[in-house]
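Accompanying notes for the structure given below.
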Amino acid sequence: MEQFVRLKALAAPLLRPNVDTDVIIPSREITSPSREGFGAKLFASWRYLEPDRRPNPDFVLNRAPFDRAQILVAGENFGCGSSREMAVWAIRQFGFRCVVAPSFGAIFQANCYRNGVLPVVLPKADVEALGREAESGGLELDVDLESCTVSAPGGRTFRFEIGGPEREMLLAGLDAIGLTLKRRDEIRAFQTRDRAARPWIWSV
Amino acid sequence: MTPRSIIEKIWDAHVVAELGDGQSLLHVDRVFLHERTGPQSLAGMAAAGHAVANPALVFGVIDHIVDTEPGRSDRTRFKGGDEFIRTFRDLARRAGIRLFDLDDPRQGIVHVISPEQGIALPGCTLVCPDSHTCTVGGIGALAWGIGSTEGEHAVATQTLVRPRPRTMFVDFSGQLGPGVTAKDMILALIGKYGAAGGRNHAIEFGGAAVRALGVEARLTLCNMTVEFGAWTGLVAADDTTIEWVAGRPFAPQAEHWDAAVAHWRALPSDAGARWDARLELDCATLAPQVTWGTSPAHAVGIDGIVPDPAAAPDATARAGFERALAYMDLKPGQPLAGLPIEAAFIGSCTNSRLSDLRAAAALLRGRRVAPGVKALVVPGSTTLKKQAEAEGLDRVFEEAGFEWRESGCSLCFYSGGDSFGDARRVITSTNRNFEGRQGPGVRSHLASPLTVAASAVAGRIADPRMLAAR
């Protein structure tokens, strides 16, 4: 899995609350059972104008310098809705490595960890202040997963929390399945006990 | 012993290993995959050289992008749909898992068939790369939605890593009045406490109104736990549940039945169990609910009005309200009842079960859908579709002017194939009213199947209590 240790990059603002995964990647844009090809489809219904799919000049990610931003400053409950992991693949393949928001949809947040994208939760007032600053196109943030801090110009530092295993997985770029399979014996022991305790679970 | 909640009991019974920092390696008793997000799980595993840990505990189904018109095949109106179907079928065969394929009489929406077949059981853990997996909490399972990569982890190891959840008890007190349903309960809860009201929690739904619900209604209630922002939700199994589970194809058979029931009877929360949060909602005064905006939290009683953004709690919420009103083409103060609709949809993992169809049909019997309204009903599974046909419900729907379809997820979301045509304003028994969810520019009003049926007849959003069942 892709590592995340530290990132100093331009931030783009998208402060709307409840941005759902249907908006991040509309179902009609998911046209093949592959994990690739989603970057150009990120926020498709906001990013393009129909019928000719022209870029919408009013949408933030179509405007320089936000088209090369690597940090998204987002509104609360970002990534709520459908579990589709294509939402995170689209975020990552567009170029984002980090999303800062007051809160996330739970499945989206879990999917981020599996794809080398760092979801940072900060208090709403801080996120909104950073989002407003980002509108100028000149906000660079320094996100450091070692120290769990986001640093902004002017010596401001925001601490964030993240679960220990998720942090270690991102820092080391670990493979979660490989880690779990190291506990194969414990899983087998559990299943042996469980076959005796709950045989109906196993007789399918 | 320290009193425990049902959530703690199921959790404790599934811990394979404690990983520190509040995280556990949890055993997953059942994994479901579907053709939309399952191919990526199975292909990823195969590419990494991982084997399926326990093929007998993994199930696949084709439900998401399949057409629902009679005579359907692998070819879909959605361009490229056949690639999802065929890829998933091939991968499922190679993985050696059970597949409920298109031509299987047990095919249907994943969260409808898992309890219907007796695969989802009280006290079991179940995951699926699909956010509405929480639906099967209605049977007393601890079930939650994951991404495709976690799906890979579940299939390869039969486990997932999870932080121990915070717990919440939601007390639905009182008894529902006629014409008010489980769908109205969950919409009202989300409307009252917000789309993030259950954040980071596992919820037990209880109280007098929940105890009075049948299992299918409990599945509806739990279905929208994800719209409440929660990790998952469930209803403790009771006599109603146990009677419902008995005899289902994959349910415990005679030799294990008594032991299984004894296990399930020990699961309800102990008196004195500790909760991290408690919420309450009085059902006695509850009206049928309908959403006005683009979040499930934008729910009001059907006799309510579109709220004023000026009353929003803060500037961000106000901007969200204004954007929702613009998308929905509504004005503050406008009554919801009476708003003209152009399409009506009954279906989805929220509200497509036999009891939903019976209730809607009872209201539609001898009535007609208003001219110009496109109306369709999509049963949640092939099994229940046949049961409904045996009861003559298909004829009631068709005589009323509804299209009667094959089972699948259908227009709960727009994938580029089937659509509502030119219709813009839709009353729908589904779970998400997001911008563009049911088609570009489509304005979705979430409601119960009863409210959808009443509105289809009126041609405008209508209170089902005004139309007596026939």
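FYI, it's all coordinate maths here, none of it is from the lab. All of these numbers come straight from a predicted model, not from anything done at the bench. For neighbour counting, all protein chains shown are included, and Cβ atoms are generated from backbone atoms with ideal geometry for every residue, glycine included.
Which translational diffusion coefficient, to the nearest whole µm²/s, is obtained for segment B:238-312 from the Stokes-Einstein equation, given a Kirkwood hydrodynamic radius over C-alpha pairs, 20 °C and 1.002 mPa s?
Numbers: Rh = 17.3 Å.
So the translational diffusion coefficient is about 124 µm²/s.
Using only alpha carbon pairs under 8 Å that are at least six residues apart, calculate the relative contact order of chain A and give it in whole percent.
26 percent
For segment A:127-175, take N as its residue count and report Rg(C-alpha) divided by 2.2 N^0.38 Å. Intermediate values should be presented prior to the final figure.
Numbers: Rg = 13.1 Å, N = 49, 2.2 N^0.38 = 9.7 Å.
Taking N as the residue count of segment A:127-175, the ratio is 1.36.
Report ³J(HN,Hα) in whole Hz for each residue of segment B:194-207, in order, from the Karplus equation J = 6.51 cos²θ - 1.76 cosθ + 1.60 where θ = phi - 60°; Gly and Pro get x.
Result, rounded to whole Hz: x, 6, 10, x, x, 3, 6, 10, 9, 10, 9, 8, x, x.
Once the convex hull of the C-alpha atoms of segment B:85-179 is built, how many Å³ does it hold per residue, rounded to a whole number?
Numbers: hull volume 14.4 nm³, N = 95.
Each residue corresponds to 151 Å³ of Cα convex hull volume.
Quick one: order A:Asp52, B:Asp314, A:Asp144 by neighbouring beta-carbon count within 10 Å, fewest to most.
A:Asp52, B:Asp314, A:Asp144
Please work out the C-alpha center-to-center distance from segment A:36-86 to segment B:393-470 and express it in whole Å.
The two parts, judged by their Cα centres, are 29 Å apart.
Between segment A:114-181 and segment B:298-322, how many Å separate their Cα centres?
32 Å
Dimensions of segment B:1-82 along principal axes (Cα, Å, largest first)?
Principal-axis extents of segment B:1-82 (Cα, largest first): 58, 33, 24 Å.
For A:Glu2 paired with A:Ser34, estimate the spin-label separation in nm (one decimal), with each label point 7 Å from Cα along the Cα-to-Cβ line.
1.7 nm
Please identify, among A:Ala40, A:Ala172, A:Ala189, the residue showing maximal mean-square fluctuation in a Gaussian network model of chain A using a 10 angstrom Cα cutoff.
Greatest mean-square fluctuation among the candidates belongs to A:Ala189.
So the label point goes 7 Å from the Cα of B:Ala277 along Cα→C-beta, right? Which residues of segment B:189-221 then have their backbone N under 17 Å from it?
Only B:189-206 fall inside the zone, counting backbone N under 17 Å.
Bin all alpha-carbon pair distances of the protein assembly as shown at 20 Å intervals from 0 and give each bin's fraction as a whole percent.
19, 56, 24, 1
Using 7 Å Cα-to-Cβ label points, what is the A:Thr192/B:Gln387 separation (nm, one decimal)?
For A:Thr192 paired with B:Gln387, the spin-label model returns 4.1 nm.
Using the beta-carbon distance between B:Ala46 and B:Asp104 and R0 = 25 Å, what value does 1/(1 + (r/R0)^6) give for FRET efficiency, to the nearest 0.05?
Details: r = 23 Å, r/R0 = 0.94.
Calculated transfer efficiency: 0.60.
Can you give the convex hull volume of the alpha carbon atoms of segment B:271-338 per residue, in Å³? Could the numbers behind the result be given before it?
Details: hull volume 8.4 nm³, N = 68.
That works out to 124 Å³ per residue.
Calculate the all-directions average of the projected area of chain B's alpha-carbon convex hull, and give it in nm².
Mean projected area for chain B: 22.0 nm², to one decimal.
So what are the ³J(HN,Hα) numbers for segment B:127-135, from phi and the Karplus equation (6.51, -1.76, 1.60; θ = phi - 60°), rounded to whole Hz, Gly and Pro as x?
10, 7, x, 6, 5, 8, 4, 4, 3
Evaluate Rg over Rh across segment A:109-204, taking Cα atoms for both radii and Kirkwood's formula for Rh. Let's see the in-between values first.
Details: Rg = 20.7 Å, Rh = 16.9 Å.
We get a ratio of 1.23 for segment A:109-204.
Collect residues whose amide H, placed 1.01 Å from N in the peptide plane, falls under 5 Å from the amide H of B:Phe59; neighbours closer than 5 in sequence don't count.
Long-range HN contacts for B:Phe59: B:Val31, B:Phe32, B:Leu33.
Please compute, for the alpha-carbon atoms of chain A, the extent along each of the three principal axes and give them in descending order in Å.
63, 47, 25
How large is the direction-averaged shadow of the alpha-carbon convex hull of segment B:384-470, in nm²?
6.2 nm²
Rounded, prolate or oblate: which fits segment A:62-104 when a ≥ b ≥ c are the square roots of the eigenvalues of the alpha-carbon gyration tensor, with rounded for a/c under 1.5 and prolate only if a/b beats b/c?
Oblate.
Can you put A:Trp46, A:Trp202 in order of Cβ neighbours within 10 angstrom, beginning with the fewest?
Lowest count first: A:Trp202, A:Trp46.
Among the listed pairs B:Lys192/B:Lys385; B:Lys79/B:Lys183; A:Lys41/A:Lys124; B:Lys183/B:Lys385; A:Lys8/B:Lys79, which have their C-alpha atoms separated by more than 31 angstrom in this model?
Checking Cα-Cα distances, B:Lys192/B:Lys385; B:Lys79/B:Lys183; A:Lys8/B:Lys79 exceed 31 Å.
Calculate I(q)/I(0) for segment A:7-116 by the Debye formula, one identical point scatterer on each C-alpha and no solvent, and give its log10 at q = 0.10, 0.19, 0.20, 0.21 Å⁻¹ to two decimals.
-0.25, -0.97, -1.08, -1.20
Let me know the shape class of segment B:120-260, please: from the alpha-carbon gyration tensor, a ≥ b ≥ c as square roots of the eigenvalues, rounded when a/c is under 1.5, otherwise prolate if a/b is greater than b/c, or oblate.
Oblate shape, in that a/c is at least 1.5 and b/c is the bigger or equal ratio.
Which residues' amide hydrogens lie under 5 Å from the amide hydrogen of B:Arg424, considering only partners 5 or more residues apart or on another chain, with H built in the peptide plane?
B:Glu342
Counting other beta carbons within 10 Å of each Cβ, put A:Arg68, B:Arg358 in order, fewest first.
Result, fewest neighbours first: A:Arg68, B:Arg358.
For B:Val15, enumerate residues with amide H under 5 Å from its amide H, sequence gap 5+ or separate chain, H modeled in the peptide plane.
Under 5 Å from the amide H of B:Val15: B:His27.
Give me the compactness ratio for segment A:5-67, meaning the Cα radius of gyration over 2.2 N^0.38 Å.
1.24
Within 10 Å of each Cβ in A:71-82, how many Cβ atoms from other chains are there, averaged over the peptide? Please report the intermediate quantities before stating the final value.
Numbers: counts 0, 0, 0, 0, 4, 8, 7, 0, 0, 11, 11, 11.
Averaged over the peptide's residues, the number is 4.
What is the distance in Å between the Cα centroid of segment B:82-111 and that of segment B:12-81?
Computed from Cα coordinates, the inter-centre distance equals 10 Å.
Give a residue-ordered list of calculated ³J(HN,Hα) values for segment B:178-184 (Karplus: 6.51 cos²θ - 1.76 cosθ + 1.60, θ = phi - 60°; whole Hz; x for Gly, Pro).
Coupling constants for segment B:178-184: x, x, 10, 10, 4, 4, 5 Hz.
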